[in-house]
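For reference, the structure discussed in these notes is given below.
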Amino acid sequence: RVDEWPDAGDIGHGDTKDHLHGSFSPLGATSCVVADLDGDGRLEIMVHPNYHSTLMAFHFHDGLTKPTMMWKTPKRFKYDLYCHPILAADVDGDGRLEIVFHDNDLIRLIDGRTGEEKSSADMGCPQGLFGPMACADVDGDGRAEVVLVPQFKGTYKRNTVTLAGWDGKAFVRRWSRDFEAEVSTRGFAEPLTSPFADVDGDKKLEVIVQVGPDVLALNGADGAEKHRVAQASLSQAADLDGDGVAEIIVKKDGKTVVFNGKGGFGPKSIAYPANWGWKDWGDGDLCQLRSAANGQTEVVNPQGKVKAVLPGAAHVTSPIVADLEGDGKMEVLVRDAQGVIRVLDATGGSPQPKSFPELKCDGPGDLSRGSGLTVCDLDGEGKAELLLRQGGHLVVANSDGTIRFKSEQGGLKFPSVGEFNGDGVKDIACYAGSRWIAFSGKDGKALWDAAAPESNEVATWDVDGDGRDELTGKHGPVFLLNGADGRTLWTAFRREQCALGLGVFADLDGDG
């Protein structure tokens, strides 16, 4: 209800009450946090509605239709337009959460319980040009540190890695490192969601970042460079072999390569060139990489125009790290240049190609996220199944690569997993043009085929408690589909009011 929300003047940046629709939403919200902000065991939501606005926190003790404002900040803050999640973390060690967020070139801490500002730190980044932030207890003192990592976008040529933490009385910057980015690599350095990992077994977290053409592991205590992987593209960091030491997985020279710091920091494997999906080159033009005749890599847009030339062979697609066999040991899965899924055995700390039947997977050739590989334990037996597309058909394979089933229907995209028929086995819903089709995870039989709004991936959750998950998503209107038969239960907001996005479920009012 609009009259329960702040006046237009409180929202800021040109918004008006005409832009508020439904019982809960400044629809222009740029970022939000869902967390137990006041420590009462129930979740609250904090929103920063617009680029220059106040922060507001709401609880739902009286139900979802009656959001109650806990607090709003007395001043407006500028939100960094190029990134970055607003976080909730215990930074000062008092056992309660603080809101951590960008305000131009500052990181501010707001008391999650009262909305009062506790402290702020100047991060030393000119014009606020810093990248995404993340929190972790780097030094083991029970308090979270905040790190800002590089993200080279558009015409940025300079970026900074900065770490700040609580010194006992205030939030202060502990160290910063400046880097010059090569223009030719901008737009292809995707930061990790959590850039912290112990990659050399010293029981201390390193900060793992992509800086220009190289991947660096920095000392969390002082920012000093500990390890470097030259001419590589960062994929992720994960403990592949279960020894408590993380490996860094990169794309290098057309191959997926694993590094760790045990016995000298160096490559431990691996092979397989692969295609590379479409990405924004930083100027709004979607481009992809292709191998040039001279062995270098060309960046081309959909019209075939060469936008730039990069040194070295085309990078591979991001691998998936998963425990296929349920034995606590992680495997790495990649799609090679011929579209074949390759599985790498990480046992023993030196991942090697694993014997696996040939499984082909569609690539991202349709400028959408509707293709690729998903790994999920459908039947709850402890071993993972592989969900992939072959010629637009859904294929589900067992952990050993044998085919469980292949759908008769083609033209499928965005496989999403949920419990739809109540048999205890996860099922799969796929988008097919203007319809969503659900398939049994047990045998692949179609459970329902229903007209529904357009969407990318959907989120699934049992909203009404009937033992079957509902589906939510949006590409135009936000919608909720009945998991039992695919009926559209409701839609909210007009298409022009919503941008492309993914659905999310959360128990905001604590009613289970």
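If only residues of the stretch 106-115 that are in contact (Cβ under 8 Å) with a residue 24 or more places away in the chain and either of a type in the set (Phe, Trp, Tyr) or more than 14 Å from residue 172 (Cα to Cα) (or both) are counted, the one that is surrounded by the fewest Cβ atoms within 10 Å (Cβ to Cβ) is 114. A count restricted to the stretch 206-248 and to residues that are surrounded by 23 or more Cβ atoms within 10 Å (Cβ to Cβ) and assigned to a strand (DSSP E or B) stands at 15. Screening the candidates 413, 426 for the property of being farther than 25 Å from residue 381 by Cβ and basic (Lys, Arg) yields one hit, 413. The one condition from (1) basic (Lys, Arg); (2) modelled with pLDDT under 75; (3) buried (at least 19 other Cβ atoms within 10 Å of the Cβ) that residue 174 does not meet is (2).
Scan the stretch 68-88 and tell me whether some residue there is among the charged types (D, E, K, R), crowded, with 21+ Cβ neighbours inside 10 Å, in a loop (DSSP other than H, G, I, E, B) and at pLDDT 90 or above. Scanning the stretch 68-88, I find no residue that is among the charged types (D, E, K, R), crowded, with 21+ Cβ neighbours inside 10 Å, in a loop (DSSP other than H, G, I, E, B) and at pLDDT 90 or above, so the answer is no.
Scanning the stretch 249-264 turns up at least one residue that is under 24 Å from the mean Cα position of the chain (by Cα), modelled with pLDDT under 70 and assigned to a loop (DSSP other than H, G, I, E, B). Considering the stretch 312-344, the residues that are of a type in the set (Gly, Ala, Ser) and out of contact with any strand residue (DSSP E or B) (no Cβ under 8 Å at 6 or more places or on another chain) include one that is modelled with the lowest pLDDT, namely 337.
For the stretch 454-492, filtering for residues that are touching a His at 6+ places or on another chain (Cβ under 9 Å) and over 18 Å from residue 505 (Cα atoms) leaves 1.
Do we have residue 94 as surrounded by fewer than 21 Cβ atoms within 10 Å (Cβ to Cβ), at pLDDT 90 or above and not small (Gly, Ala, Ser) here?
Working: surrounded by fewer than 21 Cβ atoms within 10 Å (Cβ to Cβ): yes; at pLDDT 90 or above: yes; not small (Gly, Ala, Ser): yes.
Criteria met by residue 94.
Looking at the stretch 145-159, is at least one residue modelled with pLDDT of 75 or more and surrounded by fewer than 22 Cβ atoms within 10 Å (Cβ to Cβ)? There is no residue in the stretch 145-159 that is modelled with pLDDT of 75 or more and surrounded by fewer than 22 Cβ atoms within 10 Å (Cβ to Cβ).
The values are calculated or read from the model by the stated rules, or taken from the named source; none is laboratory data. These numbers were taken from a predicted model, which means no experiment stands behind them. A quick note on method: Cβ atoms are made from the backbone with ideal geometry, for glycine too, and the neighbour counts reach across all protein chains shown.
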